[in-house]
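For reference, the structure discussed in these notes is given below.
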Amino acid sequence: AAAEEVGVSFAAGITVLTGDDSPDKEFAVAAATAHGLAHHVVFVTASDLVQTYLPQCADSLHTFDGMTLRNSLVVAAAFRKARELGFKHAVVGDGADELFGGYSFMWGCGDDLPQWRRK
């Protein structure tokens, strides 16, 4: 809805999974369907992520920080798929868990802003 208000549209959704049992798969399919987007799933193994994307990410980001690289490997896989599909621009979903309380330690906070800040 916010994107529509500023005239931004999306052509597809890309989800990177390391297994069929990922809880993200169901939500990604539902979101793409609800918004009429083509949905592309990239299946990779942990070994694929490390061997294919780690050197490129460490070099591009100039870091060996584990948290930064861990997330960046998946984003790099999504960007590669976007490029294969001919897209020149991509938006990633980083920050959604932080914004919408997706982490289990945030569950039960409701609208209690001070509790959110403490956690």
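The values are calculated or read from the model by the stated rules, or taken from the named source; none is laboratory data. Computed from a predicted structure; not experimentally measured. Positions of Cβ are generated from backbone atoms using ideal geometry, with glycine treated the same way; all protein chains shown enter the neighbour counts. Only protein heavy atoms, including side chains, enter the accessible area calculation; ligands, DNA and RNA are left aside. Shrake-Rupley method; radii C 1.70, N 1.55, O 1.52, S 1.80 Å.
See the values below:
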item	result
Identity of the residue in the stretch 33-85, basic (K, R) and exposed (fewer than 13 other Cβ atoms within 10 Å of the Cβ), that ends up farthest from L17 (Cα to Cα)	R83
Given (1) under 13 Å from I14 (Cα atoms); (2) modelled with pLDDT of 90 or more; (3) of a type outside the set (A, V, I, L, M); (4) outside any helix (DSSP H, G or I), index of the condition G93 fails	(2)
Of residues in the stretch 7-17 being modelled with pLDDT of 90 or more and open to solvent by 60 Å² or more (accessible area, probe 1.4 Å), the one nearest to F87 (Cα to Cα)	A11
Condition check for K25: out of contact with any helix residue (DSSP H, G or I) (no Cβ under 8 Å at 6 or more places or on another chain) and modelled with pLDDT of 95 or more	no
Number of positions in the stretch 18-32 that are surrounded by 14 or more Cβ atoms within 10 Å (Cβ to Cβ) and assigned to a loop (DSSP other than H, G, I, E, B)	2
